[in-house]
Amino acid sequence: MTKKNETTEATEPSDATGATEERETRPVGLGVVGWLRWGWRTLTSMRTALILLFLFALGSVPGSIYPQRSVDPGRVARYFQNSPTEAEWLDRFWMFDVFTSPWFAAIYLLLFLSLAGCVFPRVVVHFKELRKKPPAAPRNLRRLPQNAAFDGDLTVEEAAARLRRDRFRVVTGPDWVAAEKGYLRETGNLLFHVSLLALLFAVGAGALFGYRGNVLVVEGEGFSNTVAAYDRFIPGQQVSAESLEPFSFTVQDFQATYIASGEKRGQPLDYSATLSVQDTPTSGPRDVELKVNEPLDVNGTLTYLIGHGYAPTFKVVDGKGNTAFEGPVPCLAGDQMTYTSECVIKVPDAQPDQLGFLVRFLPSTVPNGKAWVSVFPGAANPTVQIFPFSGDLGLKSGQPQSVYQLDTKSLKPLGKMSAQPTPLNVGDTKELADGAGTIQFTGVKEWISLQMAYDPGRLPALIAAALAVIGLVLSLTVQRRRVWVRMKGRQVTVGGLTRTEGGGASFAEEFAEIVTKLRGATPSGPSEHPQPEDRSEDVSAPDREPVSPSTRSSEE
Amino acid sequence: MPPAQVNEGLATLSDQLILVTVLLYLAAMIAYALELAFGRARTAVAPAKSRRLVAVGAGADSSAPAEPADEDAGPATTVPPAGWAIKSGAVAVAVSWLGWATNLGGILTRGIAVDRWPWGNMYEFVVALCFASVTVFLILLTRQPIRFLGAFVTVAAALGLGFAVLFLHVQAGPVMPALNSYWIAIHVTAAVIAGGLFLVSGVSAALYLVRNDGRLSVLPSKEQLDRIAHRAIVIAFPIWTFAVIAGALWADRAWGRYWGWDPKEVWSFITWIAYAAYLHARATAGWRGKAAMIVSLVAFGCLLFNLVGVNIFFSGLHSYADVPK
């Protein structure tokens, strides 16, 4: 947790300020090496790390204010439509790609460099420290923040054994014992910071070697995991098309359930899709139930259910009597509470003219004056309202078109256009004007949208995060502490010191226990009450922890 | 299959219990404030003996096991506080425990009424958060003489509950399918506990900045405030870290990625960094004390914005937290 100043603490406990190393003076005329050294020192200083931490947090703020391309590209496009000039300027500063922007990368790379530059030298120091012996006992133990004295026949060996039993590291002298424990604090601290570095690498590896993709599949249709099958595919730089896990599945059924009545009527309760999955092209199919919090896992490639909608099926017969279109048409819901959805049918094969239809799908239709509305997201009474057009759909122009949009400007409306045409029930057929043919509403299917994700960094990231938490807990709870015992004739003095700032109170308790145990080791047994009274009088001495008497007594 | 049935009677009872809780917290707040104003010897930094007396006064009835020797030491030097005011402090503690119980009852009845974890929307979350902060305070109170915090914690909890009842309340009901996971028990519970601890530290930090060490004050010393704030954060920070990681694990199950810079994720990350900055600042020369306290308050602001503001101002994946429009 703490950087430079604890380094100083670790080497010399009496120095609490830790400011010595940070008062780097600027080198004058030291040449390139001097400047580099100064730069490195500055970068790895605590102050720089703090400033970088602040910048890191501050830099993420715009990522929550402005829509991000990686999260919601549609909203970014709308931003560009609504205020183009502003959007252009924002885009110049990567405000729509904050988390992949060069300046954001600069902040976190500098931060992690600073972290590495601080942590790795400390790993070396700590490794040496782990094998060092506790320092010899100071002359006057009564001047330590924690101290006690009693009479007894405690020998050096007995005291050392007692302390060893408490898992202290012990060194003995002719008439003294020095003991230290709590090395796990620094171990945890270093583990935490190294784990953060590992986490960064895991995330980076996941982005390089993983991929994500989206696809929309209608009930009864299938998907096989190839790049071409995706509606949108976002590969990492190191992903090749051949490396995709070769599984496939058919969507057999999708069920959405909703609350039927009350204030929350129409709120979804559960989504469930039944897939028939083949893990490899040669393996037999298995049925899998796909739910919102239960993705399908095929060897580390996960398939998530992330959206759903209706896909009414139609049959279009053109003016010449040929079936020009037959099948489901995915509709997008405008309103989640009624699932009133809209879609487009494009029939380029129709003769003599191409046909296009705007369709409004109402899952639970009720008449409302001269109009019809949907009152529930479930398909209780599904109908469609159809707006037919004829003319050139413009598909040959080579311009990419959205399957959910029909450019009606260049098309001729067929018949009289009304805002609320009479809805068709399942099985109904509508005769098109001008002998252009017929359209039949043949049934209702549902579609699901799926996200596939392969991220080899997931597990390493999880392990790194778990280690970071363990390290964090160790570094925040364990205290580095030293205990010394001196014997002079029958008089035993015990002194204790915690090397952790702010840890005085809990160490006081532990110290009292240690003293009791040491007294227990003497054959003479407990004599008089040595502890709390002693301490409160003796607080003026220590320089480590300025704990006042009042806080002491309140803490006990 | 999640249940669609809601026990309306229990749901109504829950709403009423929460209203009672608001009143109890307000009553406790008044009682704490009375004690704070009249029931404590005023303290300043210099004379050690009078400060010693504070510890005695605060610990006299319930909390700190003050040693008998201490009680003899003090009274000669300062005027003892009014007896009724000290009683007012004891009443305050009793009333806050009562409020705590009705708060718990409100949460439990709501949970039973809808047969799921009772923190599935913004209203329930804020209620749980207030409960957590009062719980943290009451637990700390059994171990340390921090009754002076009572007025501030209970008023924060009462305001939070009032805000939830007035602006966030939605009828008890089942949650969206995405929230229907055991992760809600892990992720949201951890966030609630950390939030309660952060609130206590935030109150201490605010008092720290208000406290003027040179003058007489009913508040304890800056050192003590600093220590309470620090200790609460030291406990809360790993829990918050865990909450964020659990959120990432849940996101990995539900949304197909463990981290995607959704506004809620961004702000929990900012909050995490801000508290990490506090821990570093407190251990750095030149930042210790006031500067570190300000950092912790900034972090607390980030936390509040993350828990409440993000759901109101931004649209994101966490927006199904069901804030009434």
Does A:Tyr230 satisfy the condition of being aromatic (Phe, Trp, Tyr) and within 13 Å of another protein chain (Cβ to nearest Cβ)?
-> no
Quickly run through the range A:130-175 and pick out the residues that are of a type in the set (Phe, Trp, Tyr) and at pLDDT 90 or above.
-> A:Phe168
Under 8 Å by Cβ, and 6 or more places apart or on different chains, what pairs join a residue from the range A:232-256 that is touching a residue at least 12 places away in the same chain (Cβ under 8 Å) with one that is among the basic types (Lys, Arg)?
-> A:Phe233/A:Arg212; A:Ile234/A:Arg212
Answer yes or no as to whether A:Arg142 is within 26 Å of A:Leu518 (Cβ to Cβ), touching a residue at least 24 places away in the same chain (Cβ under 8 Å), surrounded by fewer than 19 Cβ atoms within 10 Å (Cβ to Cβ) and touching a Ser or Thr at 6+ places or on another chain (Cβ under 8 Å).
-> yes
Which one of these does A:Leu467 not meet: (1) at the interface with chain B (Cβ under 8 Å from one of its Cβ atoms); (2) within 30 Å of A:Gly188 (Cβ to Cβ)?
-> (1)
Could you name every one of the strands (runs of 3 or more DSSP E) located completely within the range A:298-386 that has at least 1 residues being more than 45 Å from the chain's Cα centre (by Cα) and surrounded by 15 or more Cβ atoms within 10 Å (Cβ to Cβ)?
-> A:301-318, A:323-328, A:355-362
From the list A:Ser374, A:Ser418, pick out the single residue that is free of Cβ contacts under 8 Å to residues at least 24 places away in the same chain and either among the polar types (S, T, N, Q) or out of contact with any strand residue (DSSP E or B) (no Cβ under 6 Å at 6 or more places or on another chain) (or both).
-> A:Ser418
Residues (more than 31 Å from the chain's Cα centre (by Cα) and outside any strand (DSSP E or B)) located in the range A:281-297 | A:Pro281, A:Thr282, A:Ser283, A:Gly284, A:Pro285
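Quick check on the range A:73-101: of everything there that is within 29 Å of B:Val298 (Cα to Cα) and without any contact (Cβ under 8 Å) to a residue 24 or more places away in the chain, which residue is surrounded by the fewest Cβ atoms within 10 Å (Cβ to Cβ)?
So the residue we want is A:Phe93.
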Could you grab me the full set of residues in the range B:260-273 that are at negative phi and open to solvent by 10 Å² or more (accessible area, probe 1.4 Å)?
-> B:Gly260, B:Pro263, B:Lys264, B:Glu265, B:Trp267, B:Ser268, B:Phe269, B:Trp272
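What helices (runs of 4 or more DSSP H) lie completely within the range A:45-133 and have 1 or more residues being away from chain B (no Cβ under 14 Å)?
Where helices (runs of 4 or more DSSP H) fall fully within the range A:45-133 and carry at least 1 residues being away from chain B (no Cβ under 14 Å), they are A:73-82, A:84-92, A:102-130.
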Which ones in the range B:214-245 are among the aliphatic types (A, V, I, L, M) and more than 10 Å from every other protein chain (Cβ to nearest Cβ)?
-> B:Leu216, B:Val218, B:Leu219, B:Leu225, B:Ile228, B:Ala229, B:Ala232, B:Ala236, B:Ala243
A:Ser248 meets each of (1) closer than 30 Å to A:Leu472 by Cβ; (2) crowded, with 18+ Cβ neighbours inside 10 Å; (3) among the small types (Gly, Ala, Ser) with one exception, condition (1)
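Return yes when A:Val403 is modelled with pLDDT of 90 or more and either part of a helix (DSSP H, G or I) or not aromatic (Phe, Trp, Tyr) (or both) and no when it is not. Lay out the reasoning, then the answer.
On the way: modelled with pLDDT of 90 or more: no; either part of a helix (DSSP H, G or I) or not aromatic (Phe, Trp, Tyr) (or both): yes.
No; evaluated as a whole, the condition is false for this residue.
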Within the range B:281-289, is there a residue that is within 21 Å of the chain's Cα centre (by Cα), at negative phi and either at pLDDT 95 or above or more than 7 Å from chain A (Cβ to nearest Cβ) (or both)?
-> no
Complete set of residues in the range B:246-278 that are among the small types (Gly, Ala, Ser) and facing another protein chain (nearest Cβ under 7 Å) = B:Ala254, B:Gly256, B:Gly260, B:Ala274, B:Ala276, B:Ala277
Filter the range A:157-166 for residues that are surrounded by fewer than 17 Cβ atoms within 10 Å (Cβ to Cβ) and either of a type in the set (Ser, Thr, Tyr) or in contact with a strand residue (DSSP E or B) (Cβ under 6 Å, 6 or more places away or on another chain) (or both) and give the result.
-> A:Arg164
Across (1) assigned to a loop (DSSP other than H, G, I, E, B); (2) free of Cβ contacts under 8 Å to residues at least 12 places away in the same chain, B:Arg116 clears everything bar (2)
Only unsatisfied item for B:Ala236, checking (1) more than 16 Å from the chain's Cα centre (by Cα); (2) assigned to a helix (DSSP H, G or I); (3) of a type outside the set (S, T, N, Q), is (1)
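Yes or no, residue by residue, for (1) crowded, with 21+ Cβ neighbours inside 10 Å; (2) closer than 30 Å to A:Asp270 by Cα:
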position	(1), (2)
B:Arg110	yes, yes
B:Phe125	yes, yes
B:Ile139	no, no
B:Pro145	yes, no
B:Val165	no, yes
B:Met176	no, yes
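Picking from A:Asp175, A:Asp153, which residue would you name as being more than 19 Å from A:Val483 (Cβ to Cβ), open to solvent by 20 Å² or more (accessible area, probe 1.4 Å), touching a residue at least 24 places away in the same chain (Cβ under 8 Å) and not aliphatic (A, V, I, L, M)?
A:Asp153
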Residue check, B:His187 open to solvent by 20 Å² or more (accessible area, probe 1.4 Å), closer than 30 Å to A:Leu305 by Cβ and in contact with a helix residue (DSSP H, G or I) (Cβ under 6 Å, 6 or more places away or on another chain) | yes
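The values are calculated or read from the model by the stated rules, or taken from the named source; none is laboratory data. This is a predicted model, so every value here is computed, not measured. Virtual Cβ from ideal backbone geometry, glycine too; neighbours counted across all protein chains shown. Just so you know, the surface numbers come from the protein's heavy atoms only, side chains and all, with ligands and any DNA or RNA stripped out. Shrake-Rupley method; radii C 1.70, N 1.55, O 1.52, S 1.80 Å.
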